[in-house]
Amino acid sequence: MNVLPSFLYILIFCYSITAQSTYIATIHPLQQIVSELLGQHTVVHDLLPPGASPHTYEPTPGDIDHIESASLLFLVGPNLDDWVKKFPARSTIEVIDLAPLDSLIFFENFPAADPALVKPGQVHAHHRGIDPHFWTDPLLVNVLAANLADSLSKLFPSQQQVIAENYRRFSAQLLALDVKIRGSLKSVQGKTVIQAHPFFNYYLRRYGLKSAGVVEINPGVDPTARQIKKMIDQIKRENVVAIFTQPQLPDRAARLIAEITGIPIVELDPLGGKPRRQTYAEILLYNTQLVIGALQ
């Protein structure tokens, strides 16, 4: 007797939030997080194709049409994909604003934020030094997803129960994922790496790995000869064991440093969207296996 009402409830939910609606997330990890909360019957589209970087992506005319016609657009925020706001959708959620301020990492060339000076929903307006790559830390995703679920429930008040249940299921998966990653990395805790770009800081912080620096702070801007020399000296001084790169951005300078120092290049993939890197868990576990292989 209970099967039919539940089934109808799901159908009503799916229809009410998808009828004549288009949902877009700028990057694949964000698309996966949003999809977990809205449920498998709601389609959330990726804006960027696999292999593209949100730092350097040039939207096509078709992309712009999709953005401006979207019923709801999800973006991360400053220093990643806030260029998308030049093409406003009907409604937008900037998810970095949903993260607790004291959980965020700030780039070294920007001052740390004073929580007393930042109003809710205005993190980006006051402190543009935020490292936006929050999704590499599943426990931070868990906290942020709870706040995102609250925001979605306000947009779709009649679907609050379904969204809450989706979050509870996703939260359990995130907690289990963290335990699995933590156990896998136990033998390499304390190892030191450098990054071609600052894309993995949250993961490194969460799992006890050290970052000795970043080769290229601004994507597309090669370091000077002096900066490369400084990085090489730091590698020798801090016993760096690997350089982390990513396929979405150039790694010329990182490869030059690797050639000079003899330390290995490890190409991680923070964005996924390819085979074996589709779901949120697959993205993090794929990278974790590469980290273990490089640092053991």
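All of the numbers you see were taken from the coordinates with simple rules; none came from a lab. Small disclaimer: the values here were computed from a predicted structure and weren't measured. Positions of Cβ are backbone-derived with ideal geometry, glycine not excepted, and every protein chain shown enters the neighbour counts.
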Let a ≥ b ≥ c be the square roots of the eigenvalues of the Cα gyration tensor of segment 179-226; is it rounded (a/c under 1.5), or, if not, prolate (a/b larger than b/c) or oblate?
-> prolate
For segment 153-296, what is the convex hull volume of its Cα atoms per residue in Å³?
-> 129
Residue with peak Gaussian network fluctuation, the chain [Cα springs, cutoff 10 Å], from Ile64, Ile96, Ile33 = Ile64
Roughly how many nanometres apart are two label points built 7 Å out from the Cα toward the Cβ at His41 and Asn147?
-> 3.0
In nm, the gap between the two label points placed 7 Å beyond Cα toward Cβ at Gln161 and Ser71 is 2.1
Using a 10 Å cut-off on Cβ atoms, rank the peptides 34-42, 164-172 from the highest mean neighbour count down.
-> 34-42, 164-172
For the chain, what does -39500 (n - 2.57) per DSSP helix run (n ≥ 4), summed and divided by total residues, give at 222 nm, in deg cm²/dmol to the nearest 500?
-> -14000 deg cm²/dmol
Which one is right for this structure if Rg/Rh (Cα atoms, Kirkwood Rh) is calculated from it: [x] 0.92; [y] 0.99; [z] 0.95?
-> [y]
What FRET efficiency comes out for the pair Ile292/Arg255, r = Cβ-Cβ distance, R0 = 30 Å, nearest 0.05?
-> 0.85
Cα-based helix-to-principal-axis angle, 280-295 vs the chain, degrees rounded to 10 = 10
Straight distance only, please: which lysines reach the Cα of Lys210 with their own Cα at less than 21 Å, same-chain residues fewer than 8 apart left out?
-> Lys180, Lys186, Lys191, Lys229, Lys230, Lys236
Net length gained if the chain between Gln234 and Val221 were fully extended (0.36 nm per residue, minus Cα distance) = 2.7 nm
DSSP beta bridges in the chain [antiparallel fraction, %, rounded to 5] | 10
Please give, to one decimal in nm, the separation of the simple spin-label points placed at Ile265 and Arg169, each 7 Å out from Cα toward the Cβ.
-> 4.1
Across segment 25-30, in residue order, what do the Karplus-derived ³J(HN,Hα) couplings come to in whole Hz, using 6.51 cos²θ - 1.76 cosθ + 1.60 with θ = phi - 60° and x for Gly and Pro?
-> 10, 5, 10, 5, x, 5
With everything on Cα atoms, drop me the angle between helix 3-18 and the longest principal axis of the chain, reported from 0 to 90° to the nearest 10.
-> 60
